[in-house]
Amino acid sequence: MSEAKWNVLYFEEWVKKEGLDLIRGHKVDNVFTQPLKPWARTGGKAVQIQLDGTGELNASYIQEIPPGGELAPQRHMYEEMIFILKGRGSTSVWRKGEKKNSFEWQAGSLFAVPLNAWYQHFNGSGSEPARYIAVTTAPIMMNLIRDDDFIFNNDAVFPERYNSQEDYFSGKVHQESFDGWDIPTQISFSNFFADVYNLQLRESNRGVNTKGYSFEMANGVLGAHTVHIPGGTFTKVHRHGPGAHVLWLSGEGYSLIWPDGGEKMKEEWRRGTMLVPPDWWWHQHCVVSKEPAQHLALKLSSKRNKVNRNSNGTMKSVRKGGSQMNYEDFPPELMAELKRIFQEECGKRGTPVHMESVADF
């Protein structure tokens with residue numbers, strides 16, 4: 001057996017058998033325009049994505065539903081969280097022999113498919129395709145089980161996750177306070193958020209005048225958050241566990257990413273770019289456009305149902321045992337380097353720098 005064959009994982013072989021491309025690397029340039037291929041399993045067009053920062057634990061895919069069309073019903077023994085990129089439509093979710101739950105969605109909607117529940121997506125437009133991106137735990141499940149029949153034809157039910165409740169996708173939000181970070185944070189529990197673009201965001205300690213919102217859905221291990229960052233500012237340096245798919249919804253900028261003692265990588269982004277920082281690598285997000293930026297992070301990081309502890313302190317200062325460098329924690333040489341790069345990039349675009357509240361900037 002060749003060395004190359006020894007290095008192939010089951011998930012990669014499955015993607016190949018499905019006839020789809022698998023994107024690797026650190027980022028996808030534009031999820032809105034990324035080319036897709038027909039996917040016989042669903043009847044749509046798709047591409048699978050497993051960026052290096054996932055640690056082979058989770059992955060994502062982009063899929064389109066044809067105009068006036070629908071995708072084939074699916075169920076699977078891995079979790080899935082879906083963000084609608086464009087279009088409008090509806091989804092039905094059900095357990096075998098029980099009533100279907102159906103709800104409508106639009107561009108900006110965020111929801112999760114309960115583990116191993118049947119579901120089907122429908123396009124509400126007869127003239128335009130609908131497109132979504134999903135983050136899943138397919139890689140870890142497939143690489144461990146190595147059996148397609150177990151993954152896709154399993155009758156197991158998980159009533160603690162989904163029990164055909166009529167209001168499951170009603171959009172009702174339950175708030176819980178999380179006090180493990182530098183400032184108390186509200187975590188929002190629901191199974192359907194109608195519009196991520198128009199949420200009432202809350203105070204965040206990620207950077208200068210940043211605001212955010214944290215999501216928990218379907219009683220699973222996947223979670224999400226969104227952060228709004230003013231133009232001409234950069235975030236605090238932070239790090240966390242693997243599998244955080246950072247999707248940029250607006251603005252323009254770059255992210256610096258580096259391991260302890262290693263060389264810094266500069267990844268430029270704009271609306272539609274998605275990147276995944278590797279496990280425990282330091283990184284910061286820098287907005288060089290005059291208008292603000294917003295990202296949505298779809299991640300292997302639930303506050304309630306943890307699979308690793310590396311993301312526990314991502315909004316807590318390193319001085320308190322966390323994994324975020326507040327501005328005053330930056331070593332002088334690091335601050336000087338980050339400041340120089342940022343001022344140069346803002347200067348190229350005529351963007352005023354708004355870091356006046358940060359000492360030594």
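Quick rundown of the values:
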quantity: Proportion of all alpha-carbon pairs of the stretch 181-315 beyond 25 Å (%); calculated: 21 percent
quantity: Residue 8 versus residue 33: modelled label distance in nm, points set 7 Å from Cα along the beta carbon direction; calculated: 3.3 nm
quantity: Phi-based couplings in Hz for the stretch 90-102 (Karplus 6.51, -1.76, 1.60; Gly and Pro marked x); calculated: 8, 9, 10, 10, 7, 9, 3, x, 10, 5, 7, 9, 10
quantity: Dimensions in Å of the stretch 1-137 - Rg and Dmax from alpha carbons; calculated: 15.5, 51
quantity: The stretch 25-158, relative contact order in percent, only Cα pairs under 8 angstrom and at least six apart counted; calculated: 30 percent
quantity: Charge dipole magnitude, Cβ of K and R +1, D and E -1 - the stretch 244-322, Cα centre, debye nearest 20; calculated: 540 debye
quantity: Hydrodynamic radius (Kirkwood) for the stretch 50-90, which is based on Cα pairs only, to one decimal in Å; calculated: 12.8 Å
quantity: Assigned charges on the beta-carbon of Lys, Arg, Asp, Glu; the stretch 107-173 dipole about Cα centre (debye); calculated: 260 debye
quantity: Per residue, the convex hull volume that the Cα atoms of the stretch 270-310 enclose (Å³); calculated: 95 Å³
quantity: Rg to Rh quotient for the stretch 67-146, alpha carbon positions, Kirkwood Rh; calculated: 1.00
quantity: The chain: Cα Rg divided by the 2.2 N^0.38 Å rule of thumb; calculated: 0.99
quantity: Environment charge of residue 291, counting only residues whose C-beta is closer than 14 Å and scoring Lys/Arg +1, Asp/Glu -1; calculated: +3
quantity: Cα-based Rg / Dmax (Å) for the stretch 320-361; calculated: 12.0, 38
quantity: Highest average packing first - 69-78, 237-246, Cβ atoms within 10 Å; calculated: 237-246, 69-78
quantity: Calculated on alpha-carbon atoms, Rg and Dmax of the stretch 130-247 in Å; calculated: 17.4, 52
quantity: Residue 146-residue 24 FRET efficiency (beta carbon distance; Förster radius 35 Å; 0.05 resolution); calculated: 0.95
quantity: Relative packing of 252-259, 199-206, 293-300, 25-32, which averages over residues the other C-beta atoms within 10 Å, highest first; calculated: 293-300, 252-259, 25-32, 199-206
quantity: Cα centroid separation, the stretch 235-249 to the stretch 8-25 (Å); calculated: 24 Å
quantity: Mean shadow area of the stretch 294-348, taken as a quarter of the surface of its Cα convex hull (nm²); calculated: 5.6 nm²
quantity: Simple label model, 7 Å out from Cα along Cβ direction - residue 96 to residue 40, nm; calculated: 2.4 nm
quantity: Length-normalised contact order for the chain - Cα pairs under 8 Å, 6+ apart - percent; calculated: 15 percent
quantity: Overall Cα dimensions of the stretch 264-361, principal axis frame, Å, largest first; calculated: 44, 33, 23
quantity: Selected from 250, 109, 127 as most flexible by GNM, with the chain as the system and alpha-carbon contacts under 10 Å; calculated: 127
quantity: Kirkwood Rh (inverse of mean 1/r, distinct Cα pairs), the stretch 246-314, angstrom; calculated: 13.2 Å
quantity: Within the chain: Cβ-based charge dipole about Cα centre, in debye rounded to nearest 20 (Lys, Arg +1; Asp, Glu -1); calculated: 320 debye
quantity: Alpha carbon convex hull of the stretch 205-257, projected area averaged over orientations, nm²; calculated: 4.4 nm²
quantity: Length released on extending from residue 197 to residue 156, taking residue separation times 0.36 nm less the Cα-Cα span; calculated: 11.2 nm
quantity: Positive dipole terminus of the stretch 248-361, leading residue within 346, 273, 262 (C-beta point charges); calculated: 273
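Each reported figure results from applying straightforward, stated rules to the coordinates on display, with no laboratory input. Since this is a predicted model, take the numbers as computed values, not measurements. A quick note on method: Cβ atoms are made from the backbone with ideal geometry, for glycine too, and the neighbour counts reach across all protein chains shown.
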